[in-house]
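Values quoted throughout were computed directly from the atomic coordinates according to the rules given, and no laboratory measurement underlies them. The structure displayed is predicted, hence computed values, not measured ones. As a convention, Cβ positions derive from the backbone with ideal geometry for all residues, glycine included, and neighbour counts pool all protein chains shown.
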Amino acid sequence: MTTSTPPRAIPGGVLNVITPQSQRLVMSRRGSTVWRVETEDPETEKTDAYAVKVGFPSETHAHTALAPSREAYILRTIRTNVIHDGEWAEGTWSVQPWHSGPSLYSKWGPHRAPGSSAVPNFMDALSCAAALSDLHRAGWVHGDVQPAHLIMSESGATLIDLALARGRTVPEGVDFPYRGCLVHYEAPEISRSVLESGTAVPTCESDVYALGASLMISATGWRHVAYPDEAPREVQRQAIADGPHRPVTIPGELGKLVNAMLMPSPADRPTAAEVCDALCLAL
């Protein structure tokens, strides 16, 4: 569980769409509280799990209050699952199916162990690239690809946390500018634009870069660019903008592919679909 701000309780509006039998706090930080809520059908005794996201203004960003409803709108355009959202006193909330499984970073933990010579699973990398390719094909750019947003289950990878996604029209009432994502996975052009203007336009190419950086850190423990953890965001972004990225030490074909995904020029990177094709050929 991650907590850095007082958690917000589940709003009353949520109780109009689900009846919690149990709830567990998962995260509360940067203007977002997330609960894992379980419900039970009294007739079938079947248990379902949901993610309840509660948005509110953070110390640095007011738009976090709108994020749950913005994500809910995007999810309804690409998934058949029932997604609910609404407003509460400090912002918006959403209810969506819970996706079970470890993150990519957690699943690849053994590869980062000292002395490990294991090669990361190609099928894991392929399912991550396929999830991103499917999103791009649906007309959306994720804008915040990172290992924690790649949930690995037996059926493959699921990309979660789409609140920052761009590509198709979003209702004005829940929309807000894109001001970058978690810096550890930003492409150079995104960091450069945020430094210059305060905003950026994420692209399919910047998503591919972020996926490459996610695969790299999950397999090796190293960020794509070196900078001090305690450095201000501006300093971190400048290091990314100036480059170059660290050498990719993942062995074999996967390492070559990740290196291509981290090319400085967006035009030189493969598409997510091409990453899938290359991984299929390497299997």
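HN-Hα J couplings of the stretch 131-138 from phi, Karplus 6.51/-1.76/1.60, θ = phi - 60°, integer Hz, Gly and Pro as x?
Per residue, the Karplus-derived 3J(HN,Hα) values read 4, 5, 4, 4, 5, 4, 5, 7 Hz.
Starting from the Cα of Lys256, draw a straight line to each of the lysines and keep only those under 24 Å, dropping any in the same chain fewer than 8 residues away.
Correct list for Lys256: Lys107.
For the stretch 222-283, what is the charge dipole size about the Cα centre, in debye to the nearest 20, if Lys and Arg each add +1 at the Cβ and Asp and Glu each add -1 at the Cβ? All intermediate terms of the calculation are to be shown ahead of the outcome.
Numbers: 6 positive and 8 negative charges, 12 e Å.
I would put it at about 60 debye.
Taking H as built 1.01 Å from N, whose amide H comes closer than 5 Å to the amide H of Met27, not counting residues under 5 places away?
Sorted by chain and number, the residues that satisfy this are Thr2, Val34.
Angle between the Cα long axis of helix 272-282 and the longest principal axis of the chain, 0 to 90 degrees, nearest 10?
Helix 272-282 sits at roughly 60 degrees to that axis.
Convert each backbone phi in the stretch 81-94 into a coupling constant with the Karplus relation 6.51 cos²θ - 1.76 cosθ + 1.60 (shift: θ = phi - 60°), then list the ³J(HN,Hα) values in order as whole Hz, x for Gly and Pro.
Along the stretch 81-94, the couplings run 4, 6, 10, 10, 7, x, 10, 9, 4, 9, x, 10, 9, 8 Hz.
Select one label from [x] 19.9, 71; [y] 19.1, 60; [z] 20.7, 67: the one whose number is Rg and Dmax of the Cα atoms in Å as derived from the coordinates shown.
Matching entry in [x] 19.9, 71; [y] 19.1, 60; [z] 20.7, 67: [y].
Net charge around Thr199, counting only other residues with Cβ within less than 15 Å of its Cβ (Lys, Arg = +1; Asp, Glu = -1)?
Numbers: positive: Arg166, Arg179, Arg192, Arg233, Arg237; negative: Asp144, Asp175, Glu186, Glu189, Glu196, Glu234.
Counting the neighbours of Thr199, the net charge comes to -1.
Restrict the search to the stretch 1-70; then list the trypsin sites (Lys or Arg not before Pro) that DSSP places in a loop and that have at most 11 other Cβ atoms within 10 Å of their Cβ. It would help to have the intermediate numbers written out before the result.
Values: sites: Arg8, Arg24, Arg29, Arg30, Arg36, Lys46, Lys53, Arg70; in loops: Arg8, Arg30, Lys46.
Answer by residue number: Lys46.
Please tell me the relative contact order of the chain in percent, rounded to the nearest whole number, where contacts are Cα pairs under 8 Å and at least six residues apart. Numbers along the way, then the final one.
On the way: 533 pairs, mean separation 40.0, N = 283.
For the chain, the relative contact order is 14 percent.
Find how many whole Å separate the alpha carbon centroid of the stretch 105-171 from the alpha carbon centroid of the stretch 230-272.
Result: 16 Å between the Cα centres.
For the stretch 152-157, in order, what is each residue's ³J(HN,Hα) by Karplus, 6.51 cos²θ - 1.76 cosθ + 1.60 with θ = phi - 60°, in whole Hz (x at glycine and Pro)?
Whole-Hz 3J(HN,Hα) from phi for the stretch 152-157: 9, 10, 5, 8, x, 8.
Pick from Asp229, Asp85, Asp207: which residue has the top mean-square fluctuation in a GNM of the chain where Cα pairs under 10 Å get a spring?
Asp229
Find, among the GluC sites (Glu not before Pro) in the stretch 182-263, those assigned to loop by DSSP (not H, G, I, E, B) with at most 13 other beta-carbon atoms within 10 angstrom.
On the way: sites: Glu186, Glu189, Glu196, Glu205, Glu230, Glu234, Glu253; in loops: Glu186, Glu230.
In loop regions of the stretch 182-263 (DSSP not H, G, I, E or B), the sparsely surrounded GluC sites (Glu not before Pro) are Glu230.
Looking at the square roots a ≥ b ≥ c of the eigenvalues of the Cα gyration tensor of the stretch 175-240, which shape do they give, rounded for a/c under 1.5, prolate if a/b is larger than b/c, or oblate? It would help to have the intermediate numbers written out before the result.
Details: a/c = 2.22, a/b = 1.26, b/c = 1.76.
Note, shape of the stretch 175-240 comes out oblate.
With charges set only on the Cβ (+1 for Lys and Arg, -1 for Asp and Glu), what does the dipole of the stretch 104-282 come to about its Cα centre, in debye to the nearest 20? Walk me through the intermediate numbers first.
Values: 13 positive and 20 negative charges, 50 e Å.
Computed about the Cα centre, the dipole is about 240 debye.
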